[in-house]
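The structure under discussion appears below in the form of structure tokens.
Just so it is clear, none of the values below were taken in a lab; they were calculated from the coordinates. Just so it is clear, the model here is predicted, and its values are computed rather than measured.
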Amino acid sequence: MTKVLVPIDGSKESHQAFEYACETISPDTVVLLHVITPSSLYSHNADPGMYTEAMYEAQKERAEGLFKTLTENIDIDPKIKIETIIDVGRPANKIVTFADENDVDHIVMGSKGRDGAARVLLGSVAETVVRRATVPTTVVR
């Protein structure tokens, strides 16, 4: 059984990575992973270093919306099992660790983040994942 990990951030590139994984690799399972960065959870009103449950829930709902949009807008072979995972942490670390700990055969990811600083961030995330991953990694642009 082939398991492919596709990190999802809502960008056009992550959408293309999902499509590429489903159409080109034809895996048995695709795992969509969305990593919430800790900085997106901090409240300006909370104590420094603290985040609110409401902020986490909002980010989680956003991630679930991303998963739904992807799976509804791409014609996926019904034989491919889709799993969704939401985690919190540094994206590159979480991607590599998830792949190592969950018998992932291949990582397919976009080359850029959503916009502005996030675009630069995911570019560096992709670079870090390519360097550290122990499985084949494809970067889609």
The long-range amide H neighbours of S111, using H built 1.01 Å from N in the peptide plane and a cut-off of under 5 Å, are V140
Note: V130 to N102 extended length (0.36 nm per residue) minus current alpha-carbon separation gives 8.3 nm
Excluding residues fewer than 8 positions from K81 in its own chain, the lysines with Cα under 17 Å of it are K3, K68
